[in-house]
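Written out below as structure tokens is the structure these notes cover.
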Protein chains: 2
Amino acid sequence: MAFTGRELRSKVDEDGRLVLTLEQVEIPDPADDEIVVRVEAAPINPSDLGLLLGPADLSTLEPASGDGPALSMRVPERSLPGLKGRIGESLPVGNEGAGTVVAAGRDAQALEGQRVGLIGGAMYADYRRIKAREVIPLPAGASARDGAAMFVNPLTAQSFVETARSESHAAIIHTAAASNLGQMLQKLCLADGIPLINIVRSTQQAEILRAIGATYVLNSKDEDFFERLIDAIAETGATVAFDAIGGGTLGGTILTAMERAAVRTMSEYSRYGSDTFKQLYVYGMLDPSPTTFNRGPIGFGFSISGWLLFPFLQKAGSEVAARLRARVVDELTTTFASKYTRVIGLAEALQPDVLRSYARMATGEKFLIDPTLG
Amino acid sequence: MAFTGRELRSKVDEDGRLVLTLEQVEIPDPADDEIVVRVEAAPINPSDLGLLLGPADLSTLEPASGDGPALSMRVPERSLPGLKGRIGESLPVGNEGAGTVVAAGRDAQALEGQRVGLIGGAMYADYRRIKAREVIPLPAGASARDGAAMFVNPLTAQSFVETARSESHAAIIHTAAASNLGQMLQKLCLADGIPLINIVRSTQQAEILRAIGATYVLNSKDEDFFERLIDAIAETGATVAFDAIGGGTLGGTILTAMERAAVRTMSEYSRYGSDTFKQLYVYGMLDPSPTTFNRGPIGFGFSISGWLLFPFLQKAGSEVAARLRARVVDELTTTFASKYTRVIGLAEALQPDVLRSYARMATGEKFLIDPTLG
């Protein structure tokens, strides 16, 4: 028996409009090694918004014609060249999710009826066909909502720690640190005894982190932020930072503070700066404006690099990946628990006011899509 | 018998003035494993100017009081924090040079009277005492001027190639490419069959490179520069760039062009960009203004890193370093020949008009200090 269901799609037209639609699609029967999952929970992560909305201008949002709910908005002219590869392509959205196995191929019968977490895109849909080996059965008692976000944030938080360890950094700096991911990272660092310097932009965000036991929480809007950052780096030996923001000057400020902390301990002047190697990983684009930094005060021992989860996992190898996944299952409802402030149906995701809300990515707010709600 | 001679010193005072002086110093007798070299040639490299003049404002240049020639200039207030480590320290200058061994310790007698090249600072002086194992005897027939710049540029050019090879880059991009170093790099890449994309800022600079056989020479002031850069990258597969400029937007433009070339060959759209890893090494500061780049069009597979010769050589190990040095000696007057447009005495280096000339680092101009001229 084949399933029919809705699938959320995002498409950029030749004329520079981004159109969101709910398409009716037929799910082919699963192959021997496949299953079909009824999606019951899928988070809206910042990384999903990149594909869903891209650089579209939300102020131009308007209903579009279509068989079902449909929205349209304009992509600024200057952003179009970067989207060349997706123009005209109708792309399914939703990195990860969880649900119940409603059909299973011959070799995957054991999963029938089980609740699983899965990753691989196209999760903003009623059904998702997928290889059986790509899902993780949820532990007993865990709901679909518990398992909806068991990949991206839990693996990213752990991979930050793996990266820091494998490159011999004694402590970590994290920006936009009150995010769901940031809270997980703090819990993880507390459990593993790794000093973490959290950088936030409001007292509200600072409190979220202090409530889970954070020692170092710096508000970048405080007047003495830079001096306190140097002190915290000097105390912890942090020489790696993971930056979700990307744009502006914060990344450069962090590298400069690392250098200042390093120079404090130097006995001899060098015009090339300290020989402490300072690494900034940019893993997000909360601020899409240009990145600006001064090299002089940073010295030459630095690197600013892009960081993405899947290339990291691929490089780290299957043993490391398996170890990180196992820990997610073990600590699914503790270290890696996500809190959602709003649960919406699939059609609701295409209501203009709802879309504007989740697109804002406000502090403490996190949306979950449950397609069974309608 | 001990020697007495002049030594050029640079010092930043507490009150923010940079003072250049010629000090009379006594050279202690060499230890058993040491020699004393009479310096006969020492180049003024861009890297020397960093220590000699730092961020001082040349428009404030004026004679200073002292026993010999002395100059003073103001360091802008905003640059002082970065110089903290050198305030009050009288620093000798001059990375490398060549000359004749005029005294040798018991274990270094074989070098007595020989012409040698040497590196290690304090070369803008009449005499330099140094460990015998740190000098390289010049090949027969080579003058001190031939050997004056046998370390910094020849080792840097070769180390660029070593870096590119060890990181599996198929071709190299170089900015400020008509420099002395850039010409060496082009000769080296031609000899070793490595495609090199030279970026210059004038037709005069382009001609210098074409004259030595360069295939790819792009003028960043040309209107179609960006498109031609993408084409050249697509042709050569260049995924590493060495950038002497540092400030401004050129580095980001290079990474963007690399990404555009990579995306051309992609069959499927990814909002994270291509999986081609793109490396920008910043090794100079010709433009001290901030570095600015847009991450969006670059994707996440990039790194912008500082690059310095000596940390590279240290990491590469003594075998590699020995191999690179041996090649310099073998090709001293061919691949690694430096041309000087002006030879000045040590006292002349402290004449305001002369200083302004070499501080300009104009295209095709290169200064050599010969302390024996006075």
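The values are calculated or read from the model by the stated rules, or taken from the named source; none is laboratory data. Computed from a prediction, not measured in an experiment: that's the story for all the values here. Cβ sites come from the backbone with ideal geometry, for glycine too, and all protein chains shown count toward neighbours. When the accessible area is computed, the model is the full protein with side chains, heavy atoms only, and any ligands, DNA or RNA have been set aside. Shrake-Rupley method; radii C 1.70, N 1.55, O 1.52, S 1.80 Å.
A few remarks follow.
- Whole-number Å³ per residue for the convex hull built on Cα positions in segment B:69-225: 223 Å³
- Among B:Ile304, B:Tyr340, B:Val282 the positive-end extreme of the charge dipole of segment B:270-371 (Cβ point charges): B:Ile304
- Within the accessible area of chain B (1.4 Å probe), percent carbon and sulfur: 49 percent
- Across q = 0.25 Å⁻¹, segment A:280-338 modelled as identical point scatterers on its alpha-carbon atoms has Debye log10 I(q)/I(0) values of -1.05, in the order of the q list.
- Plainly put, the tip 7 Å out from Cα toward Cβ on B:Thr333 is 8.3 nm from that tip on each other copy, the closest given first.
- For chain B, lysine pairs separated by 8 or more sequence positions, or belonging to different chains, with Cα-Cα distances below 19 Å total 4.
- Relative contact order %, segment A:192-319, counting alpha carbon pairs below 8 Å whose residues are six or more apart: 22 percent
- Folded to 0 to 90 degrees: helix B:152-166 orientation relative to chain B principal axis, Cα: 30 degrees
- Alpha-carbon centroid distance for the pair segment B:220-238 / segment B:100-169, whole angstrom: 38 Å
- Pairwise Cα distances in chain A exceed 38 Å for 23 percent of all pairs.
- Taken about its Cα centre, segment B:194-315 carries a charge dipole of about 280 debye when Lys and Arg each add +1 at the Cβ and Asp and Glu each add -1 at the Cβ.
- Close amide H contacts of B:Ala104 (hydrogens built in the peptide plane, cut-off under 5 Å, sequence separation of 5 or more or a different chain): B:Val36.
- Between 0 and 90 degrees, the angle of helix A:180-192 with respect to the longest Cα principal axis of chain A falls at about 60 degrees.
- B:Ser143 label point (Cα plus 7 Å toward Cβ) to equivalent points in the other copies: 8.7 nm, shortest first.
- Excluding ligands, DNA and RNA and using a 1.4 Å probe, chains A and B jointly bury around 3100 Å² of accessible surface, summed across both partners.
- When both bridge partners sit in segment B:83-205, DSSP labels roughly 65% of those beta bridges antiparallel.
- Accessible area per residue for chain B, computed on protein heavy atoms with a 1.4 Å probe, is 42 Å².
- Enclosed volume per residue, in Å³, of the convex hull spanned by Cα atoms of segment B:273-374: 188 Å³
- Accessible-area value, B:Leu286, 1.4 Å probe, nucleic acids and ligands omitted, Å²: 80 Å²
- Share, in percent, of DSSP beta bridges within chain A that are antiparallel, nearest 5: 60 percent
- Ranking of B:Lys84, A:Lys187 by solvent-accessible surface, largest first: B:Lys84, A:Lys187 (1.4 Å probe, protein heavy atoms only, all chains present).
- Computed magnitude of the charge dipole of segment B:241-373 (debye, nearest 20; Cβ of K, R +1, Cβ of D, E -1): 200 debye
- Note that the protein assembly as shown shows a convex hull volume over its alpha carbon atoms of 176 Å³ per residue.
- Segment B:166-257 - Kirkwood radius from inverse mean 1/r over Cα pairs (Å): 13.0 Å
- Candidates B:Gln314, B:Gln186, B:Gln279, ranked by Gaussian network fluctuation over chain B, Cα under 10 Å, top entry: B:Gln314
- In segment A:41-109, the convex hull through the Cα atoms has an average projected area of 7.4 nm², a quarter of its surface area.
- Extended-chain gain in nm, criterion 0.36 nm per residue less alpha-carbon gap, B:Ala322 and B:Thr292: 7.0 nm
- Whole-angstrom gap from segment B:179-215 to segment A:3-78, using each part's C-alpha centre: 50 Å
- For segment A:234-288, the Kirkwood radius over C-alpha pairs fed into Stokes-Einstein at 25 °C and 0.890 mPa s yields D = 202 µm² per second.
- Here chain B is assigned +1 on the Cβ of each Lys and Arg and -1 on the Cβ of each Asp and Glu. Its dipole about the Cα centre then comes out at about 500 debye.
- Residue (of B:Val39, B:Thr60, B:Leu49) at the positive-pole extreme of segment B:21-72, dipole from beta-carbon charges: B:Thr60
- Using the rule -39500 (n - 2.57) for each DSSP H run of four or more residues, divided by the residues of the protein assembly as shown, the 222 nm mean residue ellipticity is -8000 deg cm²/dmol.
- DSSP bridge orientation in the protein assembly as shown - percent antiparallel, rounded to nearest 5: 60 percent
- Max mean-square fluctuation residue, GNM over chain A, Cα-Cα springs under 10 Å, options A:Gly182, A:Gly66, A:Gly120: A:Gly66
- Ranked from shortest, the separations from the 7 Å Cα-to-Cβ label point of B:Pro63 to its equivalents in the other copies are 8.6 nm.
- Relative contact order computed over chain A (Cα-Cα under 8 Å; 6+ residues apart), in percent: 17 percent
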